Amino acid sequence: MTSSGRAPRFRALRIAGVCFAVFLGLAGLAFVAADSWFRGKYEPALELQQAELTANVDDYCAQEAALGADPWFHEARTEGNAGPLLNAWLPWPPGHEDVPPGSPLVLPEALREDAVDLKQGKWLTANIDVSGLDYGWMARLLAYDRWDLLQDSPLGAKPRINWASGDMPDYILLTRWAKLRLRHGLVTGHPVEAAQQVRHLAWLSLSTETALGGVIAANLLEFERMAHDSLASPPVDWTPMSAEQTDRLSALAVTGLVFSSLASPPDVARKARHCATATSRCLALTEAAFFASMLEPFAKQPFQAAYAALDQDLADLACPTATARGVRARGLNLLDADSGMMTAEQALWIQRAPGHWLTSRIASVVVAMPVGNLQPLRDFHTKYPSTPQAEQAP
C-alpha cells in the first residue's frame, strides 16, 4: 500500500483515538459530576444528623440512668422464656391475623375491638362484663422473665427475618387484655393482683428487644397507673410507675435506635449502647442490626466503621434473648430474592460496576435519612422541664 493510501487510514485512527479520548474524558466528567451530586445530597444531611446525635448523647445517657433507677427494673423475676407460649398464643400478621385455635387469648365477640371502644380510658367506665374471662394465662406468665420472638414462632421459622413486612406478633391484643384484666381487678376488689400481672406483661413486652415492644410496655404501665388513679383510696402497697417514667420509657424506646443507627458516629453509637439500661441496649442493637443487614450489600463499604462497631457490641454485650444476633445473621437484605425489592437481573447488575457504585451512593443517601429522630426526647423535656438535662453543644 502506498504512503498516500495509508495516510487516510492513519488520519482515521488518529480521529478515532481522539474521539475515544474525548469520550473517556466526558465519561469521567459525568462520573465526577454524578458523584458530586450524590455527595451533595447525603453529606450535609449526614453531617447534620451526626452533629445532632453527638450533641445529645449525654442527655440520652442521663435519661437512661434516670429510667434505670425506677424500682420496676429491679423487681424480682423468675428466669425463663415465655416465647414458646406467647408466640403460639398470639396472631402474627401478615398471614396469621386470627388468634390461633386453642389460644387462651380468644375474646368473646362482645369484647372484641370492633364491638366496644376501650380507647382513651373508656375501659374504666364502659358497660362491659369482664367476669367471664379466664385470666389464668397472665398468672402463668409470672414464671418467665423474657420473651424471645424467634423461638417457636412464625418469625423464627423463616429463613430470613423481614420486619419491614410487619412480621411481628399482635401486641395490640395484649393491650386489650391488660385493660380487661385491670378492670376485673377493680370491680372484684383485687386491683393489686391484676396490676402485678399487667406490670409483668409490660416487662415481657420490653424484653422482646424491639422498639414496638418498648412502646407497648410503656402503654401497659400507663394503664396500670390509670387504674390506680381511678380509685379514691388505692391500696397503700400499690405504687405504679409515674407518668414521667412511662413517658421517659416511651421516648427512649424510639430514640435509642437512632443513636445506634449507621448514621451515628461509631463512638457515639457505642457510648449510647454502653450507657443504656440492659433492655434499652438490646432493643437498640436489634433495631440497628435489622437496618444494617438490610443495607449491608451497599452500605458496608462507606460505613464500615459503623458496621465494625455494631458487630463488636453484638459480640461483647450480653442480651437475655438471641433476637439481636439472630436479626444480624438472618436479617433480609435488599439483594435477597424474596425481598421483593428487585428482580434477579437487577440484583446481578447492581453487584457490578457501575451498578455497585450507584447503589453505594444511594445507600449513603438512605442512611442519611434518619430512621427516626430525637423529637420524642425533646417533647419529653418540654413536658417535664424540671427534669435534669445534660449540657448540649450549641
For VAL116, work out the one condition from (1) at pLDDT below 90; (2) under 30 Å from LEU295 (Cβ atoms) it doesn't fulfil. (2)
Checklist (1) under 24 Å from GLU209 (Cβ atoms); (2) surrounded by 19 or more Cβ atoms within 10 Å (Cβ to Cβ) applied to VAL130, failing item: (1)
Of ASP148, ASP129, the only residue that is free of Cβ contacts under 8 Å to residues at least 40 places away in the same chain and either over 19 Å from LYS179 (Cβ atoms) or of a type outside the set (A, V, I, L, M, F, W, C) (or both) is ASP129
Among the residues of the range 312-330, write down those that are closer than 21 Å to GLY156 by Cα and surrounded by fewer than 23 Cβ atoms within 10 Å (Cβ to Cβ). LEU314, ALA315, ALA318, CYS319, PRO320, THR321, ALA322, ARG325, GLY326, ARG328, ALA329, ARG330
If we keep only residues of the range 116-127 that are under 30 Å from the mean Cα position of the chain (by Cα) and surrounded by 10 or more Cβ atoms within 10 Å (Cβ to Cβ), then the residue nearest to GLY185 (Cα to Cα) is TRP123
So GLN196, is it buried (at least 17 other Cβ atoms within 10 Å of the Cβ) and either within 29 Å of ARG325 (Cβ to Cβ) or without any contact (Cβ under 8 Å) to a residue 12 or more places away in the chain (or both): no
Please count how many residues of the range 63-85 are under 21 Å from the mean Cα position of the chain (by Cα), in a helix (DSSP H, G or I) and not aromatic (Phe, Trp, Tyr). 6
Out of the residues in the range 156-174 that are outside any loop (DSSP other than H, G, I, E, B) and crowded, with 21+ Cβ neighbours inside 10 Å, which is modelled with the lowest pLDDT? ILE161
Of everything in the range 137-155, what is surrounded by fewer than 20 Cβ atoms within 10 Å (Cβ to Cβ), charged (D, E, K, R) and within 14 Å of ASN87 (Cα to Cα)? Give them in sequence order. ASP152
Can you confirm whether ALA232 is modelled with pLDDT of 95 or more and either part of a helix (DSSP H, G or I) or crowded, with 20+ Cβ neighbours inside 10 Å (or both)? no
For the range 263-297, how many residues meet the condition of being in a loop (DSSP other than H, G, I, E, B) and either at pLDDT below 95 or over 20 Å from LEU206 (Cα atoms) (or both)? 3
Only one of these is in contact with an Asp or Glu (Cβ under 6 Å, 6 or more places away or on another chain) and not hydrophobic (A, V, I, L, M, F, W, C): ASP167, ASP229, ASP145. Name it. ASP145
So if I check each of ALA82, ALA115, ALA164, which one is aliphatic (A, V, I, L, M), in contact with a helix residue (DSSP H, G or I) (Cβ under 9 Å, 6 or more places away or on another chain) and closer than 14 Å to LEU201 by Cα? ALA82
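Here's the yes/no breakdown for (1) outside any loop (DSSP other than H, G, I, E, B); (2) modelled with pLDDT under 95; (3) of a type in the set (Gly, Ala, Ser); (4) not assigned by the TED database to the domain that holds LEU201:
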residue	(1), (2), (3), (4)
GLY213	yes, no, yes, no
ILE216	yes, no, no, no
ASN219	yes, no, no, no
PHE223	yes, no, no, no
VAL236	no, no, no, no
ASP247	yes, no, no, yes
LEU252	yes, no, no, yes
SER261	no, yes, yes, yes
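The values are calculated or read from the model by the stated rules, or taken from the named source; none is laboratory data. Given the structure is predicted, the values throughout are model-derived calculations rather than measurements. When we count neighbours, we look across all protein chains shown, and the Cβ atoms used for this are built from the backbone with ideal geometry, even at glycine.
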